[in-house]
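These notes concern the structure reproduced below.
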Amino acid sequence: MTSTITYPADFPEPTLISVNGVQLEVFEAGQQNIGKPIVLCHGWPEHAFSWRYQIPVLVAAGYHIIVPNQRGYGNSSHPSNVTDYDIEHLTGDLVELLDYYGYEDATFVGHDWGAMVVWWLTLLHPKRVSKIINLSVPYQERWEKPWIELMEAMFGKDFYFVHFNRQPGVADTILEENASQFLRNMYRKNVPLKKQQPGMAMINLAISETPFGEPIMSDNELAVFVSAFETSGFTSSINWYRNLDRNWHLLAKVNPIIQQPALMIYGKRDTVAKSEKLVDFVPNVEVVNLDCGHWIQQEMPEETNQTILKWLKLQNQS
């Protein structure tokens, strides 16, 4: 695929790296800090560029930063099979990325879907994760029924997780036809709670010509995300959602308790539910709440950076 994505001059140059049967577009910084790796994992509908505020700060603090566009995003590979986006494939990509750089383990940082991948990476490959920092999405316990099946019973067929699975191709087409408007309306802060609607109402709101809240980025920054999704389309990233019940089965025999030190950062205004059982599954977790919405590291970059650096410093002293 030929890139149509233009990155700012101060953002790291991408490299295509072959891992696990695909190519990942990877942005690397702080090569002089070999031996202190941090891998930053984006969410949906995002891109490695969502970590632009964290990369230089973490490099200055002495870390080797590795930021992949995960499979299905940007100029990374976009396999056609839906099951190629299950948790075994997504975590396998990250394990082989560590192998590529010669690391036994690393600190993994995830936001949104990236957080889910980091939690499950730690369950499936515990020796490859030294520390965890996750934003917005807490550890998801394995409920008694597959996730999509239970969400459908709880929230109905129009809840977007369910809609993505039960009506494949519908949301993909809507979003691809309205990529710029969708992303412009999604990346906003201080959205009134009554306007933060779940389900397909969320997508309808996102493509509305009357967005709510304040933009979290400039037009030039937004252009990176828009061009990325105009290049990749949305199907490959939505296929992550279409593997949730498959992931439920794949995780059936895994020890659900995470022992690694973990930092969980919530946005107080985020509509993602906070976990009441987080410490039961992640006993060595510290929880921090920032006064922002869902796009934590982009809405409050300085506060996010200081929270991460403070926690890492304490972990390195212990």
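The values are calculated or read from the model by the stated rules, or taken from the named source; none is laboratory data. For clarity, every value in this text was computed on a predicted model and none was experimentally measured. Every residue, glycine as well, gets a Cβ built from its backbone with ideal geometry; the counts of neighbours run over all protein chains shown. Keep in mind that these areas ignore ligands, DNA and RNA; they rest on the heavy atoms of the full protein, side chains included. Shrake-Rupley method; radii C 1.70, N 1.55, O 1.52, S 1.80 Å.
Data table
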read-out: Among residues of the range 38-62, those that are more than 17 Å from the chain's Cα centre (by Cα) and buried (at least 23 other Cβ atoms within 10 Å of the Cβ), counted; value: 1
read-out: Output for the range 70-115, where each listed residue is in contact with a Cys (Cβ under 9 Å, 6 or more places away or on another chain), under 22 Å from residue 168 (Cα atoms) and among the aromatic types (Phe, Trp, Tyr); value: 113
read-out: Subset of the range 273-318 [in contact with a strand residue (DSSP E or B) (Cβ under 8 Å, 6 or more places away or on another chain) and aliphatic (A, V, I, L, M)]; value: 278, 279, 282, 285, 287, 288, 290, 296, 300, 308, 312
read-out: From the options 9, 29, residue that is open to solvent by 50 Å² or more (accessible area, probe 1.4 Å) and without any contact (Cβ under 8 Å) to a residue 60 or more places away in the chain; value: 9
read-out: Residue tally, condition open to solvent by 10 Å² or more (accessible area, probe 1.4 Å) and of a type in the set (A, V, I, L, M), over the range 223-234; value: 2
read-out: Number of the exception - residue 188 against (1) farther than 25 Å from residue 8 by Cα; (2) in contact with a Gly (Cβ under 6 Å, 6 or more places away or on another chain); (3) open to solvent by less than 70 Å² (accessible area, probe 1.4 Å); value: (1)
read-out: Lone unmet requirement of (1) under 29 Å from residue 302 (Cα atoms); (2) among the aliphatic types (A, V, I, L, M); (3) open to solvent by 10 Å² or more (accessible area, probe 1.4 Å) for residue 16; value: (1)
read-out: Helices (runs of 4 or more DSSP H) contained in the range 69-175 and holding at least 3 residues open to solvent by 50 Å² or more (accessible area, probe 1.4 Å); value: 87-101, 147-155
read-out: Given (1) touching a Gly at 6+ places or on another chain (Cβ under 8 Å); (2) on the phi < 0 side of the Ramachandran plot, number of the condition residue 161 does not satisfy; value: (1)
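A quick yes/no check of all residues on (1) under 24 Å from residue 49 (Cα atoms); (2) out of contact with any His (no Cβ under 9 Å at 6 or more places or on another chain); (3) of a type in the set (S, T, N, Q); (4) modelled with pLDDT of 95 or more:
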| site | (1), (2), (3), (4) |
| --- | --- |
| 72 | yes, no, no, yes |
| 82 | no, yes, no, yes |
| 89 | yes, yes, no, yes |
| 104 | no, yes, no, yes |
| 123 | no, yes, no, yes |
| 138 | yes, yes, no, yes |
